[in-house]
Amino acid sequence: MTTLTQIERPAGLDHHLEQVRSLIFRTLEETSLREVLHDSPSLASIGGKMLRSRLAHRVGSVTGVDTNLLVHGSAAVEMIHTASLLHDDVIDGGVMRRGLPTFWVEKGKAGAILLGDLLLFKAVDLICRVADGRYTHELVKLTGEVCEAESEQELILQGEESQLEICQSIARRKTGALFAFASLLGGDGDAHRREVLKESGYLLGTAYQLADDILDTRPEDDASGKTLGTDAARDIVSAARLEHVDLRAHLDDLLVQSVKILNGDQQAVKGIQTYIAQDLQPALSALLG
Ligand code: FPP
Ligand code: MG
């Protein structure tokens with residue numbers, strides 16, 4: 001059984017990310033799937049850039065949130081994100097991710113779906129164990145939004161014309177929801193701060209997903225490390241298919257809004273601005289080429 005380990009206040013971002021990775025691996029090592037964990041190159045890069053954990057740290061370290069909460073919340077969110085990608089690669093038929101064959105290519109589709117399911121519930125278990133379980137409902141609701149958006153894109157919107165409002169609504173829930181969770185952790189103990197940080201996270205995640213839609217149209221031999229072209233192949237709505245929209249200006253606007261809505265809360269602004277400058281902007285530049 002996973003025990004709640006007391007975690008010391010991190011000295012910085014790298015330390016936070018290391019603690020998150022270590023908690024994820026400890027959690028999975030405690031399951032009977034231990035062997036698979038050590039035997040799978042694609043699982044070694046769990047979390048990838050860890051953009052959601054970075055967000056939790058950038059904000060929570062400035063607002064002074066308990067380290068246990070930040071590390072457990074980040075680990076839970078990365079595990080859910082990983083679960084969604086295990087499933088997404090089966091759905092998209094993606095054969096490469098983070099420069100490696102995807103898990104379903106290595107171990108089969110059934111294995112990828114089932115490991116995703118395990119990660120999901122281990123993540124819920126982790127969040128139940130911290131802050132007296134008061135973040136569990138929020139995480140479950142936001143994960144539900146991810147599933148709803150992905151299902152909507154597949155079952156309702158496939159073949160529909162791409163429009164900014166629709167692409168934005170999908171991006172906000174499909175990717176923004178987990179950014180929102182990472183961000184709201186920084187408002188622990190202050191309901192108003194939590195709500196505005198949640199919205200700020202939604203906006204940042206929306207920008208990230210819209211840019212990721214653009215990446216999908218780049219030539220396959222690019223340095224992204226993942227299979228591209230799957231949106232067009234599956235005829236799903238994508239920001240890359242928007243006409244008469246200056247998407248780069250729109251993304252800039254989303255980032256500006258993500259700070260503006262914090263309404264001058266100096267600590268929250270500092271956390272979000274640092275995240276945008278140090279973590280998100282470089283990731284967006286890599287996506288947009
Ligand atoms: C990547 O999108 C996919 C997501 C952000 C969410 C996928 C969600 C599901 C498969 C539903 C199941 C959810 C859970 C939590 C188990 P993309 O295909 O646009 O990005 P990519 O280019 O990185 O593949
Ligand atoms: Mg995909």
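Whose amide H sits under 5 Å from the amide H of MET96, counting only residues 5 or more places off or on another chain, with H placed in the peptide plane?
HN-HN under 5 Å from MET96: THR102, THR227.
With a cut-off of 8 Å between alpha carbons and a minimum separation of six or more residues, what is the relative contact order of region 161-263 in percent?
Working: 135 pairs, mean separation 34.1, N = 103.
Value for region 161-263: 33 percent.
With the contact rule set at Cα under 8 Å and sequence spacing of 6 or more, what percent relative contact order holds for the chain? Mind showing how you got there, number by number?
Numbers: 429 pairs, mean separation 60.7, N = 289.
In percent, rounded to a whole number, it is 21.
May I have the count of lysine pairs in the chain with C-alpha atoms under 14 Å apart, counting pairs 8 or more residues apart or located on different chains?
Numbers: LYS49/LYS226; LYS141/LYS174; LYS141/LYS198; LYS198/LYS260; LYS260/LYS270.
For the chain, the number of qualifying lysine pairs is 5.
Using a 10 Å Cβ count of at most 15 others and DSSP loop calls, identify the longest part of the chain lacking such trypsin sites (Lys or Arg not before Pro).
Values: sites that count: LYS49, ARG134, ARG234.
It works out to 135-233.
Would you mind calculating the gained length between ASP132 and ASP235 on full extension (0.36 nm times residue separation, minus the Cα-Cα distance), in nm to one decimal?
Stretched fully, the ASP132-ASP235 segment lengthens by 32.7 nm.
Please list, in order along region 272-286, the HN-Hα scalar couplings obtained from phi with the Karplus expression 6.51 cos²θ - 1.76 cosθ + 1.60 (θ = phi - 60°), rounded to whole Hz, x for Gly and Pro.
5, 5, 5, 4, 4, 5, 8, 10, 6, 4, x, 5, 5, 4, 5
Check MET50: other-chain or 5+ apart residues with amide H under 5 Å from its amide H, H built from backbone geometry?
Residues meeting the amide H criterion: none.
Tabulate in residue order the Karplus-calculated ³J(HN,Hα) for region 113-123, using 6.51 cos²θ - 1.76 cosθ + 1.60 with θ = phi - 60°, rounded to whole Hz; enter x for Gly and Pro.
5, 5, 5, x, 4, 4, 4, 4, 7, 5, 5
In whole Hz, with x marking every Gly and Pro, tabulate ³J(HN,Hα) for region 176-183 from phi via Karplus 6.51 cos²θ - 1.76 cosθ + 1.60, θ = phi - 60°.
Calculated HN-Hα couplings, in order: x, 4, 6, 5, 4, 5, 4, 5 Hz.
Given a cut-off of under 8 Å on Cα pairs at least six residues apart, what relative contact order in percent is computed for region 72-114?
Working: 25 pairs, mean separation 14.0, N = 43.
Reported as a whole number, the value is 32 percent.
Please work out the Cα center distance from region 200-221 to region 128-195, rounded to the nearest Å.
Comparing the Cα centres of region 200-221 and region 128-195, I get a distance of 16 Å.
How far apart, in nanometres, would the label points at SER45 and ALA277 be if each is projected 7 angstrom from Cα along the Cα-to-Cβ direction?
Placing both labels 7 Å along Cα→Cβ, they lie 2.9 nm apart.
For the chain, what is the calculated [θ] at 222 nm in deg cm²/dmol (nearest 500), taking -39500 (n - 2.57) for each run of four or more DSSP H residues and dividing by its residue count? If you can, show how the numbers build up before the last one.
Numbers: 15 runs with 188 residues, N = 289.
So the calculated ellipticity at 222 nm is -20500 deg cm²/dmol.
Once the piece of chain linking ALA249 and ASP190 is laid out straight, how much longer is it, given 0.36 nm per residue of separation minus the C-alpha distance between them? Could you put the intermediate results ahead of the total?
Working: separation 59, 0.36 × 59 = 21.24 nm, distance 3.27 nm.
Length gained between ALA249 and ASP190: 18.0 nm.
Values in this text are rule-based calculations from the coordinates and carry no lab data. Predicted, not measured: the structure shown is a model, and the values here were computed from it. As a convention, Cβ positions derive from the backbone with ideal geometry for all residues, glycine included, and neighbour counts pool all protein chains shown.
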